[in-house]
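Report on the structure given below.
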Amino acid sequence: MLWRWLFNAEFGIINVLIGFTGLRGPAWLTDPNWALTALIITSLWGVGGTTLIFLAGLQGIPQELYEAAEIDGANRLMQFRNITLPLISHVTFFNLVLGIIGALQVFTDAFVITGGGPNNATLFLAIYLYRHAFLFLNMGYAAALAWVMFIIVMILTLLVFRSSPLWVFYESERQGKSK
């Protein structure tokens, strides 16, 4: 409900702040061209969890690797590309899988803030499924939609898992190959 107030076209704080610049803010939640943008902005609020997981992965990288690379003449970009990215690839993999699953199951924010409107601009598959199940009482169709959503999530997740040997580095695998 806080986001509905923030994005209110008449007295929302975002449009009030935009008004201080002399511009007129958009009708965030009632204009089909801006409703999805408003939901994207609200989704940025949830980036903190992903960032925390990346931070934990970054703290697991031994500092000695950076020191050795610096002695060998590697600059910051080379250190990032050759040390940081490979050593947090498993964290990236984890966040990617969770992100795909979460993106295909967007429901709460869109349902509470816009209800799927205006003009179905924010009608995600989960809201469409909900409408058919609980508003139109078309349970068979809703169940079929749920299975389609499950299959889409499963296929995308399997594709990421299949591609992981090409780009995900596990330290235990590396140590096992060198012995």
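The values are calculated or read from the model by the stated rules, or taken from the named source; none is laboratory data. What you see is a predicted model, and the numbers here were worked out from it, not measured in a lab. Positions of Cβ are generated from backbone atoms using ideal geometry, with glycine treated the same way; all protein chains shown enter the neighbour counts.
The table for this structure:
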item	result
Top-ranked residue of the stretch 162-175 - restricted to ones that are in contact with a helix residue (DSSP H, G or I) (Cβ under 8 Å, 6 or more places away or on another chain) and not small (Gly, Ala, Ser), ranked as farthest from residue 107 (Cα to Cα)	171
Tally of residues being surrounded by 16 or more Cβ atoms within 10 Å (Cβ to Cβ), over 17 Å from the mean Cα position of the chain (by Cα) and not in a helix (DSSP H, G or I) across the stretch 124-142	0
Index of the failed condition, residue 43 passing every other in (1) of a type outside the set (Asp, Glu); (2) assigned to a helix (DSSP H, G or I); (3) at pLDDT 95 or above; (4) touching a helix residue (DSSP H, G or I) at 6+ places or on another chain (Cβ under 8 Å)	(3)
Every residue from the stretch 67-122 that is outside any helix (DSSP H, G or I), aliphatic (A, V, I, L, M) and out of contact with any Pro (no Cβ under 8 Å at 6 or more places or on another chain)	74, 88, 106
Residue ID - surrounded by the most Cβ atoms within 10 Å (Cβ to Cβ), chosen from residues in the stretch 60-69 that are of a type in the set (A, V, I, L, M, F, W, C) and more than 15 Å from residue 89 (Cα to Cα)	69
Scope the stretch 18-39; condition in a helix (DSSP H, G or I) and either loosely packed, with under 11 Cβ neighbours inside 10 Å or acidic (Asp, Glu) (or both); matching residues	20
Any hit, the stretch 116-129, residues being over 30 Å from residue 1 (Cα atoms) and free of Cβ contacts under 8 Å to residues at least 24 places away in the same chain	no
Failed item, numbered, when residue 57 is tested on (1) of a type outside the set (A, V, I, L, M, F, W, C); (2) surrounded by 14 or more Cβ atoms within 10 Å (Cβ to Cβ); (3) at pLDDT below 95; (4) not in a loop (DSSP other than H, G, I, E, B)	(3)
Every residue from the stretch 1-53 that is small (Gly, Ala, Ser) and within 29 Å of residue 96 (Cβ to Cβ)	35, 38, 43, 46, 48, 49
Residues located in the stretch 26-75, provided they are farther than 30 Å from residue 108 by Cα and either among the hydroxyl-bearing types (Ser, Thr, Tyr) or under 14 Å from the mean Cα position of the chain (by Cα) (or both)	66
